[in-house]
Amino acid sequence: MTASAEDPQDPQDAAIRRVVVLGAECTGKTQLCAALSTALPAQTFTEVLRAWVVREQRLPLRTDQADILAEQQRGELRALQAARQAGQAWVVCDSGPLMTAVYSLYYFQDDRLLAPALEHQRQYAMTLVCADDVPWVADPGQRDGLPVRTQVQALLLDVLQQFCPGSWALVGGNVDARLQQALRRLRALG
């Protein structure tokens with residue numbers, strides 16, 4: 001995707017704040033996004049990987065990763081436009097391109113998506129990372145298990161600490177606790 005495709009389509013879109021919720025599989029991202037969407041209120045952009053697996057009826061290959069990342073970016077632009085039309089000031093993204101890059105690192109030892117994902121990461125007003133402190137719940141079709149969740153979470157945190165120090169917040173506990181932590185962080189943005 002070109003840099004110009006990353007720019008907001010409408011000048012009003014620049015005033016809409018994007019929040020991305022990251023975390024390894026089964027860390028409660030979707031639940032937190034739904035709670036934030038109601039509390040703010042916000043337009044929610046749902047996880048691309050989950051929809052991709054359902055649509056394609058398989059797990060992604062190394063060659064699919066760049067398309068998944070681009071699909072995330074296009075979807076976020078559509079969510080910005082929908083938020084503008086609805087008069088909403090927030091878009092909450094259930095995962096983001098950085099998770100695609102992390103999965104590429106983990107599964108394929110491929111770091112080619114890291115630079116574009118980190119560039120995209122700068123567009124978020126807030127990055128929330130769901131702690132892996134919730135019970136494991138299997139989700140058919142794409143879930144590997146608790147050991148993989150732990151390893152991917154560690155890799156994500158390493159990437160964030162190395163490339164995005166101080167620009168993200170870890171939220172943990174049950175959904176209500178995570179929501180309150182997230183809202184405190186968002187209110188601090190001003």
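Throughout, read-outs are computed from the coordinates displayed, never taken from laboratory work. Everything numeric here is computed off the predicted structure, so don't read it as measured data. Glycine also receives a Cβ, built like all others from the backbone with ideal geometry; neighbour counts cover every protein chain displayed.
Taken over the Cα atoms of region 15-187, the convex hull encloses 107 Å³ per residue.
When a/c reaches 1.5 or more, the comparison of a/b and b/c decides; with that in mind, is region 79-138 rounded, prolate or oblate per its Cα gyration tensor? Taking the square roots of the gyration eigenvalues as a ≥ b ≥ c, region 79-138 is oblate.
A convex hull fitted to the Cα coordinates of region 34-128 yields 99 cubic angstrom per residue. Modelled this way, with points 7 Å down the Cα-to-C-beta line, the labels at LEU189 and THR63 are 3.9 nm from one another. Taking trypsin sites (Lys or Arg not before Pro) across region 48-138, the ones in a DSSP loop with at most 15 further Cβ atoms lying within 10 angstrom of their Cβ are ARG58, ARG112, ARG122. Taking each DSSP H run with n ≥ 4 as -39500 (n - 2.57) and averaging over every residue of the chain yields -16000 deg cm²/dmol at 222 nm. Remark on region 119-190: Rg and Dmax equal 13.8, 40 Å (Cα only). Output the relative contact order of the chain, whole-number percent, from Cα pairs under 8 angstrom with separation of 6+ residues. Averaging sequence separation for qualifying contacts and normalising by length gives 32 percent for the chain.
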